[in-house]
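Down below is the structure, laid out as structure tokens.
The values are calculated or read from the model by the stated rules, or taken from the named source; none is laboratory data. Not measured: the values here are computed from a predicted model. Glycine also receives a Cβ, built like all others from the backbone with ideal geometry; neighbour counts cover every protein chain displayed. To get the accessible areas, we keep the full protein, side chains included, count just its heavy atoms, and leave off ligands, DNA and RNA. Shrake-Rupley method; radii C 1.70, N 1.55, O 1.52, S 1.80 Å.
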Amino acid sequence: MTHVTLTINGEAHQAEVEPRLLLVHFIREVANLTGTHIGCDTTSCGACTVLINGTPAKSCTLLAVQVNGAEIQTVEGLEQNGQLHPIQQGFFEEHGLQCGFCTPGMMLVGKALLEQNPNPSEAEIRRAISGNLCRCTGYVNIVKAIDSAGKKMREPAATGAPTA
Ligand code: FES
Ligand code: FES
């Protein structure tokens with residue numbers, strides 16, 4: 001057994017695990033965060049995508065021990081203080097999901113893209129999600145959802161007038 005500590009959505013999780021434990025199983029079964037899905041277990045579908053130190057990665061492709069000490073973000077970490085993240089608002093408003101199975105991975109890939117490239121072209125969005133499959137064939141609305149989230153993230157932050 002090997003000791004692994006991961007920070008997931010800002011919270012430390014540690015456990016003694018088998019060296020062969022996949023990161024996705026650490027997230028789902030040790031941290032009990034089941035928003036990260038398993039679609040194929042063979043690096044094909046992207047349903048298990050999380051952000052590792054801000055970069056999208058397929059968590060069925062990594063062992064938990066390989067990322068010991070990393071900062072992981074999962075779909076559960078998008079909402080903050082009851083406020084949906086713009087990427088969640090984008091998927092909601094643009095009907096970017098049907099069954100929702102691919103959605104956590106799609107949203108995390110979209111978020112990472114917009115943080116690197118705040119105003120991506122359609123081609124850049126399509127390239128970013130090219131490792132993530134949607135079996136409901138909802139790509140048109142997924143692209144619109146990420147584009148919409150980018151527009152929201154580019155809006156100047158509400159300043160709020162000072163109160164007298
Ligand atoms: S479950 Fe990881 S890529 Fe499909
Ligand atoms: S919404 Fe069903 S797999 Fe994408």
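Listed values, structure above:
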| quantity | calculated |
| --- | --- |
| Highest average packing first - 46-55, 141-150, Cβ atoms within 10 Å | 141-150, 46-55 |
| Relative contact order, percent, segment 19-157 [alpha-carbon distance under 8 Å, six or more residues apart] | 26 percent |
| Rounded to 5, the percent of DSSP beta bridges in the chain classed as antiparallel | 90 percent |
| Under the Karplus curve 6.51 cos²θ - 1.76 cosθ + 1.60, θ = phi - 60°, whole-Hz ³J(HN,Hα) for segment 136-142, x wherever Gly or Pro sits | 8, 6, x, 5, 4, 6, 5 |
| Gain in span if fully extended, Thr7 to Arg127, counting 0.36 nm per residue against the direct Cα distance | 40.3 nm |
| Under the Karplus curve 6.51 cos²θ - 1.76 cosθ + 1.60, θ = phi - 60°, whole-Hz ³J(HN,Hα) for segment 73-82, x wherever Gly or Pro sits | 10, 10, 4, 5, x, 6, 5, 10, 6, x |
| Whether the chain is rounded, prolate or oblate, judged on the alpha carbon gyration tensor where a/c under 1.5 counts as rounded | oblate |
| Probe 1.4 Å, protein heavy atoms only - accessible area per residue of segment 1-91 in square angstrom | 48 Å² |
| Karplus 3J(HN,Hα) series, Hz, for segment 54-66 with 6.51 cos²θ - 1.76 cosθ + 1.60 (x for Gly, Pro) | x, 10, x, 8, 7, 6, 8, 9, 10, 7, 4, 5, 5 |
| Taking segment 25-107 and dividing mean pair separation by its residue count, relative contact order in percent (alpha carbons under 8 Å, at least six apart) | 31 percent |
| Amide H within-cut-off set for Leu97, under 5 Å, with H built and near neighbours excluded | none |
| Heavy atoms of His85 accessible to a 1.4 Å probe, total area in Å² rounded to 10 | 30 Å² |
